Structure formats: structure tokens, C-alpha cells
1. With a sphere of radius 15 Å drawn around the Cβ of Ala121, what net charge do the other residues whose Cβ falls strictly inside it have (Lys, Arg +1; Asp, Glu -1)?
2. Rounded if a/c is under 1.5, else prolate if a/b beats b/c, else oblate: with a ≥ b ≥ c from the C-alpha gyration tensor eigenvalues square-rooted, which is the range 3-167?
3. Hey, rough spin-label estimate for Glu345 and Lys266, points 7 angstrom out along Cα→Cβ, what's it come to in nanometres?
4. If I stretch the segment between Ser24 and Lys145 completely, what's the gain in nm (0.36 nm per residue apart, minus their alpha carbon distance), one decimal?
5. Computed over the Cα atoms of the range 254-367, what is the convex hull's projected area averaged over all directions, in nm²?
6. Once fully extended, how much extra length lies between Arg59 and His401, figured as 0.36 nm per residue of separation less the alpha-carbon to alpha-carbon distance?
7. Return the whole-Å distance between the Cα centroid of the range 319-351 and the Cα centroid of the range 392-420.
8. What is the sum of charges, Lys and Arg at +1 and Asp and Glu at -1, for the other residues whose Cβ falls under 11 Å from the Cβ of Val280?
Amino acid sequence: MSVEEHKEAAGGLVGRAQVVVVSSTRTAASDESGARLATLLEAAGHEVLGRQVVDDDLRAVRQVVVGFAADGHTNLVVLTGGTGISRRDVTAEAVEPLFDSPIPGFGELFRMLSYEQIGSAAMLSRATAGMVGPLLVFALPGSQKAVELAAEKLILPEIAHLLRELAKESPPESQEPPSEAYDFEDAEPEEIEAEIVDEDEDEEEASKLAPPTGRLGVLGRGKMTLLSEEVVRTEEAEPEGDERPVPSTGWRRAAYEVGGEILRDKREDLPWDLESVSPVVDVLHTAGEVAVMKLDSGVKFSLYGWPDLRRDTSRVLAVGWGQPLAEIVALHRYPHMTGTCIEEERGLLPARDADVEEVCTAVTGSAPSDLAGAKLFAVQADTVWYERKGHVYRWDGRREHDDGVPKQTIASLVLHWSNR
């Protein structure tokens, strides 16, 4: 499909935008760039839900973006200010760690267009853009001319196209769509017959599933040897009445491996410390279905599923009690361990006091030079988070990133894991 066809397919998708002015000196009354941006968006047919001023503070900026990502309505955030290179310019540092899918071309094109206007000074701009869960996020310089340039030349011509791309959802790699998702309504009769035959053959050839391992997979991207790569049936994997096959990856396989019993139509209270993190609560409230997973030890987790808990390809977070904030496990990322690390020995992932250097090396192939006093905070297939002196740092194998205080980081992780 050509670019023109993509844009035509996007039709009149409308942005529901929030305009954020990052400045410690401007007020809503004195701000001109944000007001101009709101005017341009509305003139192009988009809805501006609000306009606010936020201090040049990394945590404050990040908190605002995470909050909009969790509100269930906003789909576009445009920030103006704080994209220069002074020490007070923190917008890029605030938003880029949140990006699920960066859009590097935006910054590149903006600087190219800016060069035509102001020459080599364009290199000082760190304008950036990316997708944060359900949001399109653009970070622009604070000048009115820069806002007009970015909006008129880049953002407005592509908003509908980008929103269409953001709305696309595909199952995770290495998983096939569940059989119940097959569209029989539009299928030819011979296709339906073939589908039914294939299911019967799978049942006949299925081997017995090995007992649960008690583990949530492996650290990093290492491959895990599964005793059966075939889709197999088991009575233990789901509550009575659910005879669907247990896949070799995904949230249902993770629940099986830890011996989890799924209690539908049940709900556990959120950990007290987590209840005070409103962005996390907001994200969890967007789940399409909630249940409880009970382990043989008696430990219970609340399960939150997007879009629900009926599909093997759903994104599912297990949330349980644990210090310092809560135990949160992204079950759908099995066989790669993904979640927070807690102090209690019963944790499903490496403990808080595990050797951080060893974990970093196992996950990314290298470790930071200074890990004195660091404690594990969270892990996923390609990244490790550790806490040191009240801040959480992210290690990706190349450099260390300051992701803010624990509550900020856990809000970002919950948003990221619930969407990916």
C-alpha cells in the first residue's frame, strides 16, 4: 500500500490532544507557544482536551505523560519547551524512556527544516517523538516559530496516518492467533473444513505436558528448552470447564509453569503502597477482565488482562504483595522473565538482593562499572532496573539511564508492559 493509500485509509481520524508547556517561567496567561499550538490543532479539526504548564522537572513531565497515557481518552500529547541542551532542558530525558516505539524521523526532519530557517543552530534542538502505550507524543522547542514549523510541516499532515498505525494490534511474535479468533464468517466452506480437521489432528497428536517447573522462564533473551513445542492439553492449566490447549509461550503457559489456579470473577485488593501510585491504578482500571491466580503456596495475585483473560495472546499482569512496592509480573512475556523484584523469598523473579552485576550480565551481556549499594528493581528480556540512593536506573547494556524514583518507574513499567 502506498503512502497516499495509507493516508486515505486513515480517513478523518481525530486527535484528542493535550498541550503541555514545559517551563518554569511561563504561566497559562503568558504562554503563547502552547496557545498557538492549540489553535493550529483545533483549526485542523482535532480536539484539544486541555492545555497546562509544567515545571522544567523530569519527574513532573514524565508523570504528566504517564497520566495521559492511562486516562483512556487522550491519544495525542504535544509538549513544547525543554528540548534544548541546557541543564534545565529535561523534556527529552523525561519522555524518551517511556517510548515503546520511537519515531526518530520526526526529530531528523524537524532539524532539517529548522536548518533552512536558522542555519547550524538547528543542531541544538532535541525535538523528539514516539509512541507511549496508546499515545502519540511529540516534544517541540518552546519558541512559537518552532511550534508552527513542527505542527504545519510535520505533525498535522501525519496525525491521522500515525493514529491509524497506533491503533493496529497484532499478536506477539512467536505466537499464533488463538483458534477462537479465526473468522469463520468470511471463510469459504473448504477453509472451515480444513480448520476443523487441523484442530482434530492437534488433539490426536498432542503429547502429555510435563509437570510445572515452578519457574517463570529465563533471564534475558536466552532460549528455553520446552519439553513439548506442540500445543498440548492439560487439566491443571485452567479451572474446571476450560479445556483449551496450553500454548508453549504466553500468559497461560506462565500460569501453568508456576502452578497457578485461575479463579475467574474474583478480585484481590491492590497492595497498599501501589494504591498511592495513581497512574498505576488508572492503567489497571483499563483492563478488560480481572481474575485471581492462586499458587499452591496460598499466595494470590490479581490478574489484569488486555483485552481480556480469554485469549492466549492477551497481555496479562499479575499483581501481588511485596516490598518495596508490589510484585508485578508480565505473564504474557513468558518464557522471558519480566517483572519487579521483591525482598520476600517467595518472589517469582530474582530477589532484590540478588547479585545485580550477574543479572545485568545475564540479561544484556555487560554490567555498569558502579553498582555499589544497588538493589534489583525489575527485569525484562533486554533490560535491568536497579535502585540506588532512592532512584531507579535502567541498564540496557550500553548506558545507564535515570528513570526517577521507584513510584515513577513502576508507573512507566506498568504502562509499558500492559501495552507490549
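Just so it is clear, none of the values below were taken in a lab; they were calculated from the coordinates. These numbers were taken from a predicted model, which means no experiment stands behind them. All Cβ positions, even for glycine, are placed from backbone atoms using ideal geometry, and neighbour counts span all protein chains on display.
1. Combined, the nearby Lys, Arg, Asp and Glu give +1.
2. Numbers: a/c = 1.42, a/b = 1.19, b/c = 1.20.
The shape class here is rounded.
3. For Glu345 paired with Lys266, the spin-label model returns 2.5 nm.
4. 41.6 nm
5. Working: hull surface 30.0 nm².
About 7.5 nm², averaged over all directions.
6. Difference between extended and current length: 121.8 nm.
7. Measuring centre to centre over Cα atoms gives 15 Å.
8. -2
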